[in-house]
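J.: Quick one: the structure is below, and I'll ask about it shortly.
The values are calculated or read from the model by the stated rules, or taken from the named source; none is laboratory data. Remember, it's a predicted structure, so these values are computed and weren't measured experimentally. Neighbour counts are summed over all protein chains in view; Cβ atoms, including those assigned to glycine, are modelled from backbone coordinates with ideal geometry. Surface accessibility is based on the protein's heavy atoms, side chains included, excluding ligands, DNA and RNA. Shrake-Rupley method; radii C 1.70, N 1.55, O 1.52, S 1.80 Å.
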Amino acid sequence: MAGGFGTRLRPLTVDLPKPMAPLVNKPMMLRIIELLKKHDITDLIVLLYFQPEVITGYFGDGSKFGVNIKYIQAEADFGTAGAVRLGYDDLKERFLIISGDVLTDFDLTDAISYHHEKKAKATIVLTRTKNPLAYGVVITKEDGKISRFLEKPTWGEVFSDTINTGIYIFEPEVMDKIPFKQEFDFSKNLFPLLLKEDTGLFGYIAEGYWRDIGNLNEYLDAHIDCLSGNVEIAIDGQKRGSIFVGEGSKVTDDFISEGTVVIGDNCSIGKNVHIINSVIGNECSIYDGAEIKNSVLWDNVSVGINAIISNDIIGNDCVIGQNAHIADNIFIGPRCTIGNRSKLTPNIKLWPEKIVEDDAVLSTSLVWEDKWSKELFADSRISGLSNIEVNPEFCAKLGSAFGSFIGMGNTVVTSRDPDETSRMIKRAFTSGLMSAGVIVRDLQVTPSPIVRQELSNRRHAAGLHIRRSPYNKNVTDLIFFDSDGRDLPIGKTKSIERIFSGEDFVRATNEKIGSLYFPERTVESYRERFISSLDINKISESRLKVVIDYCNGMVSTIFPNILGMFNCQVVSLNAYIDRRRLSRTREDNENGIKEVSGIMNSLKFDVGFVIDPGSEKISMLDDAGNYIDENRLLSVVTKLFLDSHPDTKKIAVPITASGEIDLIAKEYGTQVLRIKNSHFSMMQASIDKDVKFVGGTRGGFIFTDFFFAVDGIYSISKIIEILAASKVKLSALNKSIPELDMKYSTQFCPWESKGKIMRKIIEDSENQRRELVDGVKIFLDNGSWILMVPDKERPLLHLWVESEKPEESVKIMQEYSAKLKSWQ
């Protein structure tokens with residue numbers, strides 16, 4: 001498989017297919033051919049797509065390398081399996097599939113023997129990894145048969161540290177299951193089909209080294225692994241201690257080296273040159289006093305007198321001037337010139353043919369700050385320290401990436417909260433959007449539920465809401481919406497990440513720069529739809545007494561006008577916008593709830609609400625002034641909803657929700673769907689027309705007859721409507737619902753151990769009933785359950801336990817906490 005574009009290795013691979021990027025002075029694909037040849041596999045079919053002439057020109061018919069090569073070029077992207085199907089006529093016996101751009105020393109002979117012994121139709125070669133997020137996670141039974149796998153999971157779906165390496169062994173009849181010249185993928189299409197048909201899909205766990213060289217840092221790390229001896233590869237050149245010197249290269253007697261150093265053919269190394277753990281390509285000239293550390297130089301690079309290069313990659317045909325200083329984590333594309341005495345600060349890229357003048361200091365082209373070294377998005381949200389991680393420079397660039405993804409001439413709807421930082425960040429982001437030719441409809445200070453409503457008419461390509469985090473006053477959130485108002489799905493966020501990391505931005509011409517508009521009547525349209533979905537007369541007749549704490553959020557400018565139609569007696573707290581109080585600490589929340597409770601007790605009101613500054617989530621107090629915690633609130637609102645809608649066929653709640661929900665739903669014959677604990681999953685559940693209510697465990701609710709997303713204003717209004725119709729007292733309703741005991745805790749778990757721990761949990765629970773919706777939920781014999789979910793952003797595991805009795809919950813929590821510690 002040699003069709004890769006190498007997008008994530010740019011700027012090094014701008015004009016080079018990824019399999020041809022050198023790995024210790026040999027193309028990656030040649031390293032794979034050497035491995036195949038070592039295991040007596042010499043008849044090769046190479047699948048080409050991007051810049052095929054570079055590969056065919058280098059390898060020819062393969063005879064020069066001791067193999068026989070036939071090439072197949074796809075005229076379109078048919079997916080991984082669809083591309084292999086093009087070789088149908090040549091694949092009449094057992095065959096192996098491998099990527100031309102990985103680094104591995106696996107024993108392929110042993111893998112093929114395993115496939116033969118198991119009489120498998122298809123075998124996936126697997127390996128263990130510390131971070132399985134970027135790969136396909138695979139679960140196998142004791143006999144090696146694959147029972148489940150997930151392509152590029154979230155942490156909640158990581159059930160093992162055993163991953164798909166992209167190396168497959170197939171019997172020829174498997175090809176008959178792949179349609180000809182249609183998009184068809186191994187992981188998304190073929191393997192699920194083989195699993196469903198129980199066609200003999202096995203997993204072979206290989207020993208040895210394997211690395212998918214997915215980005216520039218991994219490319220550099222792969223070289224360091226080669227130099228450290230972590231992977232078994234052949235290094236060309238005459239070995240002099242820990243130095244490998246290529247044919248025709250000249251090295252002076254006072255050359256200083258540390259670690260392993262590889263010098264290519266026809267190089268010249270000057271006096272007092274100091275090279276540490278580095279690879280020097282062919283035809284390179286390193287002049288007197290230069291220092292190169294943990295770096296990779298491609299071919300025909302010139303390094304001037306006393307220049308310093310540290311932890312970098314320099315592309316072909318570059319010139320580094322004398323006394324230049326190239327700091328850490330810099331990637332320089334081909335044919336660049338770095339002037340004398342110039343300084344390049346860390347974490348930048350130079351695209352091909354760029355010139356840095358003498359004495360210049362270059363600090364632009366920052367790509368990945370430390371904050372974004374793992375992932376840019378957490379679901380559909382990007383969060384970072386205000387004006388430090390999420391700063392104007394970062395957001396202008398992010399806006400360019402988002403705009404490039406959206407496409408020139410399309411429209412994005414934007415909004416923000418009243419925070420000054422949010423205003424600054426939105427303006428920077430808007431500049432980036434407009435630079436890509438995107439039209440911006442700016443709703444200015446508007447709650448996110450109204451933005452979603454605006455997008456639901458499907459006239460716009462996407463949306464964005466910027467806010468100060470409700471949970472941390474020092475953090476800014478950027479929340480991205482799809483064209484229909486739902487959260488932006490992971491496939492699209494990954495595409496934006498790739499554009500951002502590769503700096504592959506669209507730049508509109510002067511005539512096509514995007515426009516900026518400030519539309520009117522957005523709030524009025526929202527209010528009209530809102531009112532039409534409620535029984536205002538029923539609410540008005542009840543004359544309920546309500547306390548509402550607006551938490552100084554944007555909803556205070558919208559909700560009072562709606563409440564005026566309800567004819568309720570309302571006491572409003574913090575009903576004005578205060579930018580300083582948009583984030584609330586736990587203490588703030590507790591004090592707010594106490595204040596609402598005090599008012600309710602003194603005035604004998606029916607219900608109290610606290611709505612978060614972002615207008616999405618609510619807290620509730622009953623008629624006795626008692627706060628209903630988040631998990632119990634879901635049970636109470638579920639009971640209220642089903643009492644008023646007894647014919648509901650389905651409701652959906654997160655996997656973390658209490659078993660109380662199942663007991664309530666059973667009374668009405670309602671089916672409970674368990675989903676991931678995320679807003680995106682809640683919105684996905686609302687697509688099912690039979691699902692009339694989706695409840696969250698954090699105070700967010702979706703009433704699907706109104707909308708498909710969480711809306712705190714509507715949640716309060718709907719609850720008021722139900723209370724008005726039922727005339728029930730909340731305190732009495734709460735007492736009527738069965739109560740189970742739930743315990744929650746977190747346990748530290750290093751990032752590199754998460755996959756291993758989840759595999760251990762799966763193995764430990766093999767014979768128990770369990771659900772793998774989000775994390776691993778295990779049902780115990782006494783009716784209790786425990787759920788373990790890896791955190792997406794921190795080195796933690798989340799644990800929930802529920803039992804009928806508190807002492808049983810404590811016992812289970814202690815038992816599994818001890819197991820987790822022993823597995824670590």
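J.: Using the crude model of +1 on Lys and Arg Cβ and -1 on Asp and Glu Cβ, and no other charge, please compute the dipole size for the stretch 478-587 relative to its Cα centre, in debye to 20.
T.: The dipole of the stretch 478-587 has a size of about 300 debye.
J.: Spelling out what I want: for every residue of the stretch 740-751, take phi, set θ = phi - 60°, compute 6.51 cos²θ - 1.76 cosθ + 1.60 (Karplus), and round to whole Hz; glycine and proline get x.
T.: Per-residue couplings from phi come out as 9, 9, 10, 10, 9, 7, 10, 9, 4, 8, x, 3 Hz.
J.: Rounded to whole Hz and in sequence order, give me ³J(HN,Hα) for the stretch 424-431 from the Karplus expression 6.51 cos²θ - 1.76 cosθ + 1.60, θ = phi - 60°, writing x for Gly and Pro.
T.: So the Karplus estimates, Gly and Pro as x, are 4, 5, 5, 5, 5, 5, 4, 4 Hz.
J.: OK, next. Where both residues lie in the stretch 503-639, what percent of DSSP beta bridges are antiparallel, nearest 5?
T.: On the way: 6 of 15 bridges.
So the antiparallel bridges in the stretch 503-639 amount to around 40 percent.
J.: Nearest 5 is fine: what % of DSSP beta bridges in the chain come out antiparallel, could you say?
T.: For the chain, the DSSP antiparallel bridge percentage is about 45.
J.: Determine the dipole magnitude for the chain: charges of +1 sit on the beta-carbon of Lys and Arg, -1 on that of Asp and Glu, nothing else is charged, the reference point is the Cα centre, and the result goes in debye to the nearest 20.
T.: 1860 debye
J.: Also, quick follow-up: Name the residue farthest towards the positive end of the dipole of the chain from the options Met1, Leu385, Ala732, assuming +1 on Cβ of Lys and Arg, -1 on Cβ of Asp and Glu, about the Cα centre.
T.: Ala732
J.: Rounded to the nearest 10 degrees, what's the angle between the helix 586-603 long axis and the longest principal axis of the chain, both from Cα atoms, 0 to 90?
T.: Between the helix axis and the principal axis of the chain, the angle is about 10 degrees.
J.: Considering all projection directions equally, how large on average is the shadow of the alpha-carbon convex hull of the stretch 518-567, in square nanometres?
T.: 4.2 nm²
J.: Moving on to the next point. Sort the stretch 1-52 into rounded, prolate or oblate with this rule: let a ≥ b ≥ c be the square roots of the eigenvalues of the Cα gyration tensor; rounded if a/c is under 1.5, and if a/c is not under 1.5, prolate when a/b is larger than b/c, oblate otherwise.
T.: oblate
J.: Per residue of the chain, what 222 nm ellipticity follows from adding -39500 (n - 2.57) for every DSSP H run with n ≥ 4, rounded to the nearest 500?
T.: Details: 21 runs with 231 residues, N = 824.
Estimated from H runs of four or more residues: -8500 deg cm²/dmol.
J.: Could you work out the relative contact order of the stretch 525-575, using alpha carbon pairs under 8 angstrom and six or more residues apart, expressed as a whole percent? Write down the numbers at each step before the final one.
T.: Details: 51 pairs, mean separation 24.6, N = 51.
Value for the stretch 525-575: 48 percent.
J.: Quick one: Karplus J couplings for the stretch 120-129, per residue in order, coefficients 6.51, -1.76, 1.60, θ = phi - 60°, nearest Hz, x for Gly and Pro?
T.: 6, 8, 8, 10, 9, 7, 10, 8, 8, 9
J.: Step through the table entries Lys26/Lys349; Lys141/Lys821; Lys293/Lys354; Lys145/Lys819; Lys177/Lys649, compare each Cα-Cα distance with 29 Å, and write down the pairs that go over it.
T.: Lys177/Lys649
J.: How high is the relative contact order of the chain, given as a whole-number percent (alpha carbon pairs under 8 Å, six or more residues apart)? Don't skip to the end; give the middle numbers.
T.: Working: 1928 pairs, mean separation 68.0, N = 824.
Here the relative contact order equals 8 percent.
J.: Cα-Cα pairs above 24 Å in the stretch 405-541: how many percent?
T.: 35 percent
J.: Now, a different point. Scale the Cα Rg of the stretch 485-571 by the rule-of-thumb value 2.2 N^0.38 Å and send over the ratio, two decimals.
T.: 1.80
J.: Mind listing the long-range amide H neighbours of Ala327? Cut-off is under 5 Å, sequence gap 5 or more, other chains count too, H placed in the peptide plane at 1.01 Å from N.
T.: Placed amide hydrogens put Leu344 under 5 Å from Ala327.
J.: Post the alpha-carbon centroid distance, the stretch 236-282 to the stretch 191-228, in whole angstrom.
T.: Computed from Cα coordinates, the inter-centre distance equals 32 Å.
J.: Another question, then. I need the Debye-formula profile for the stretch 645-690: one equal scatterer per C-alpha, no solvent, reported as log10 I(q)/I(0) at q = 0.15, 0.20, 0.33 1/Å, two decimals.
T.: Log10 of I(q)/I(0), two decimals: -0.36, -0.63, -1.19.
J.: Just to confirm, what accessible area per residue do you get for the chain at 1.4 Å probe, in whole Å²?
T.: Per-residue accessible area for the chain comes out at 42 Å².
J.: Given the peptides 254-264, 314-324, 809-819, arrange them by the average over their residues of other C-beta atoms within 10 Å, most packed first.
T.: Highest mean packing first, the order is 314-324, 254-264, 809-819.
J.: In degrees, nearest 10, range 0 to 90: what is the angle between the Cα axis of helix 490-502 and the longest Cα principal axis of the chain?
T.: Approximately 40 degrees, to the nearest ten.
J.: For the stretch 701-766, take the convex hull of the Cα atoms, compute a quarter of its surface area, and give me that in nm², please.
T.: 8.8 nm²
J.: In addition: Would you calculate the separation in nanometres between label points at Arg529 and Glu117, each defined as 7 Å from the Cα along the Cα-to-beta-carbon direction?
T.: According to this spin-label approximation, the distance is 6.1 nm.
J.: Let me ask you something else. If you line up the Cα atoms of the stretch 1-144 on their principal axes, what length do they span on each, largest first, in Å?
T.: That gives 46, 35, 31 Å along the principal axes, largest extent first.
J.: Here is a further query. Please report, in debye to the nearest 20, how large the charge dipole of the stretch 146-262 is about its Cα centre when each Lys and Arg carries +1 at its beta carbon and each Asp and Glu carries -1 there. Write out the running numbers ahead of the final one.
T.: On the way: 10 positive and 21 negative charges, 30 e Å.
Once rounded to the nearest 20, the dipole reads 140 debye.
J.: Set the Förster distance to 35 Å, then compute FRET efficiency between Arg581 and Leu780 from the Cβ-Cβ distance, nearest 0.05.
T.: Approximately 0.20, to the nearest 0.05.
J.: List the pairs from Lys196/Lys676; Lys130/Lys494; Lys604/Lys692; Lys639/Lys777; Lys735/Lys792; Lys118/Lys756 whose alpha-carbon separation is above 29 Å, in the order I gave them.
T.: Values: Lys196/Lys676 23 Å; Lys130/Lys494 21 Å; Lys604/Lys692 32 Å; Lys639/Lys777 24 Å; Lys735/Lys792 36 Å; Lys118/Lys756 26 Å.
Violating the 29 Å limit, Cα to Cα: Lys604/Lys692; Lys735/Lys792.
J.: Using a basic spin-label model with each label point 7 Å from the Cα along Cα→Cβ, how many nm lie between Lys594 and Leu516?
T.: That separation, rounded to one decimal, is 4.5 nm.
J.: Also, I was wondering about something else. Consider all pairwise Cα distances in the stretch 258-381 and report the whole-number % of them above 24 Å.
T.: Across the stretch 258-381, Cα pairs with separations above 24 Å total 25 percent.
J.: Note the angle between two axes, namely the Cα long axis of helix 216-228 and the longest principal axis of the Cα atoms of the chain, as a number of degrees from 0 to 90, rounded to the nearest 10.
T.: The helix 216-228 is inclined about 50 degrees to the chain.
J.: Moving to a separate point now. Provide Rg and Dmax in Å for the chain, with only Cα atoms included in the calculation.
T.: In order Rg, Dmax, the Cα atoms of the chain give 30.3, 98 Å.
J.: By what distance, in whole Å, do the Cα atoms of the stretch 91-230 stretch along each of the three principal axes, largest value first?
T.: Result for the stretch 91-230: principal-axis Cα extents of 42, 36, 35 Å.
J.: For the pair Lys689 and Asn537, how long in nm is the line joining their label points, each one 7 Å along Cα→Cβ?
T.: In this crude spin-label approximation the distance works out to 2.8 nm.
J.: Here is a further query. With a ≥ b ≥ c the root eigenvalues of the C-alpha gyration tensor of the stretch 225-277, is it rounded (a/c under 1.5), prolate (a/b larger than b/c) or oblate? Could you put the intermediate results ahead of the total?
T.: Values: a/c = 2.61, a/b = 1.45, b/c = 1.80.
Verdict is oblate for the stretch 225-277.
J.: Which one, Val607, Ile577, Ser619, projects farthest toward the positive side of the charge dipole computed for the stretch 567-690 from Cβ point charges (K/R +1, D/E -1)?
T.: My answer, from the dipole projection, is Ile577.
J.: Quote the FRET efficiency, to the nearest 0.05, computed for Glu53 versus Ile355 with a Förster distance R0 of 25 Å and r equal to the Cβ-Cβ distance.
T.: Taking R0 as 25 Å, the efficiency between Glu53 and Ile355 is 0.30.
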